[in-house]
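In what follows, a structure is listed as structure tokens, so that the remarks can point back to it.
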Amino acid sequence: MTPANFDFHCHSTASDGLLSPGDVARRAAANGVDCWALTDHDTLGGLPEAAEAAGECSLAFVPGVEISIEWRATPIHIVGLAFSAANPALAGGLDALRLGRSERAKRMGEALAAIGIPGVYEGALQYVTNPDLISRAHFARYLVSIGIAREVSSVFQHYLTPGKPGYVDHRWATLEEATGWIHAAGGVAVIAHPGRYKLSGGDTRRLLDDFKALGGQGIEVVSGSHSPDHVLHFARLARHYAFHASRGSDFHGPEESHVDLGRVAQLPLDLKPVWRLFL
Ligand code: AMP
Ligand code: MN
Ligand code: MN
Ligand code: MN
């Protein structure tokens, strides 16, 4: 039997994706996804449209979110799955996080003006599709449009990552807050794309220890951002910590993502898939 094709990590125009929540649902169904979660950054705003469109194309739908946190000064993402979207602890925590994003974006604009690229905050706003959610991806798209670089990934490399002129420090949520909000809403917390963080082996284990101690249950083993070696490595850690394993493309849009919805490797067969916790 072919394992179920689940994709529990992707974005829509409710955050920094390029397709509407309904279009992401229809694309997932067309790609053969059986069970799908929309996980926009720090917002639940796309979930009603996503749920409705998924229902229309017989796609099993799981509410999701990707929460921005800071752990020991490193930005980390925590995916929340299968929670009650009406829960005030989760919704209220995310409201506060989004307010911080706008203030950070203005500081990014000032930092870029200081190196002779003015008007980038205002320019990035032209790419924002949810006025409440501005991300570095919107800055990158605007900087490409004015010819600063040929593609989004090189804008990140030269301007928008730590140590580069457009990067500003920011206080995100804490690991305790993010896992607490997800658990208060009855959901499952998952460490997103662990292979993307610049953490040593020891710090990765400290992060997983802290996450486990807070009741965290899942880890993304298969991700659009992971290499085959990452999959082997994080599968070993999933076994060691007895975490459930998640799988997600981190799709943002056809023009920008090299991995499409549902088109990632299957999970190693011996791992416990995260959907067993809620389906
Ligand atoms: P933010 O949450 O505002 O810090 O922005 C993070 C978002 O920027 C990610 O979710 C991606 O959409 C995008 N991003 C981060 N790093 C890169 C990269 N190296 N290349 C392309 N997009 C990136
Ligand atoms: Mn993004
Ligand atoms: Mn992420
Ligand atoms: Mn993501």
Report relative contact order for the range 61-141 in percent, whole number only (criteria: Cα-Cα under 8 Å, sequence separation at least 6).
20 percent
Put a dot 7 Å past each Cα toward the Cβ at residue 265 and residue 86; how far apart are the dots in nm?
4.2 nm
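In whole percent, what relative contact order does the range 68-204 give with Cα contacts below 8 Å and a gap of six or more residues?
Values: 168 pairs, mean separation 55.6, N = 137.
The value is 41 percent.
Roll a 1.4 Å probe over the protein chains and send me the accessible area per residue for the chain in Å².
Numbers: 11900 Å² over 279 residues.
Heavy-atom SASA per residue in the chain reads 43 Å².
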Under 22 Å from the Cα of residue 106 - lysines, other chains or at least 8 residues apart
164
Leaving out ligands, DNA and RNA, and with a 1.4 Å probe, what % of the accessible surface on the range 143-205 is carbon or sulfur?
47 percent
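Report in % the part of the accessible area of the range 25-136 that belongs to carbon and sulfur, leaving out ligands and nucleic acids; probe 1.4 Å.
Working: 2420 of 4460 Å².
On the range 25-136, the fraction of accessible area on carbon and sulfur atoms equals 54 percent.
Starting from the residue with the highest accessible area, list 40, 95 in decreasing order, probe 1.4 Å. List each step's numbers first, then the result.
On the way: 40 5, 95 80 Å².
Accessible-area ranking of 40, 95, largest first: 95, 40.
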For the range 135-172 the trypsin sites (Lys or Arg not before Pro) that pass both the DSSP coil test and the at-most-11 other-Cβ-within-10 Å test are 150, 171
The range 20-108, relative contact order in percent, only Cα pairs under 8 angstrom and at least six apart counted
26 percent
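The values are calculated or read from the model by the stated rules, or taken from the named source; none is laboratory data. This structure is a prediction, so every number in the text was calculated from the model and none was measured. Cβ coordinates were reconstructed from backbone atoms using ideal geometry, including for glycine residues, and neighbour counts include every protein chain displayed. With ligands, DNA and RNA removed, areas are computed over all heavy atoms of the protein, side chains included. Shrake-Rupley method; radii C 1.70, N 1.55, O 1.52, S 1.80 Å.
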